[in-house]
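Each remark here refers to the structure printed beneath this line.
Derivation of every value follows stated rules applied to the coordinates shown; laboratory data play no part. Just so it is clear, the structure is predicted and the values come from calculations on it, not from any experiment. Methodologically, a virtual Cβ is constructed for each residue, glycine included, from the backbone with ideal geometry; neighbour enumeration extends over all protein chains shown.
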């Protein structure tokens, strides 16, 4: 019998955890609002923080979220729409620095992928169109920015 080699880790999760419509349906009745992340992370091994797409969060929030979840938990942190939708992926240096400076490195080893939602091209019904994605090629200045706490602190304009 051939042995299987571990080549990856597939996680099924949810996008966000703070939804009133889930209370009493997904979340048990009378579960305290502040316990929703702990409950959701006991059911799923990963959750996307989608609030980071809409606005900067606080460092203490990232630290608290890391504390409230199991040791083997991974967060996906949704990329900033400021970079993708407003700046259209042009001159992303300050936006990326602000994004990382908001404190997401406080997630520590629970920091996982950083997905970006790209806007549809004008006149298109598709999301994440190639016309937008081709503006930001891997290996260019934007994607080679060193992501470190020091870099973010020096570049951020919070």
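Things to note:
- In terms of packing, defined here as the mean over residues of other Cβ atoms within 10 angstrom, the peptides 60-67, 8-15 line up highest first as 60-67, 8-15.
- Added length on full extension, which subtracts the Cα-Cα distance from 0.36 nm per residue, residue 14 to residue 67: 17.2 nm
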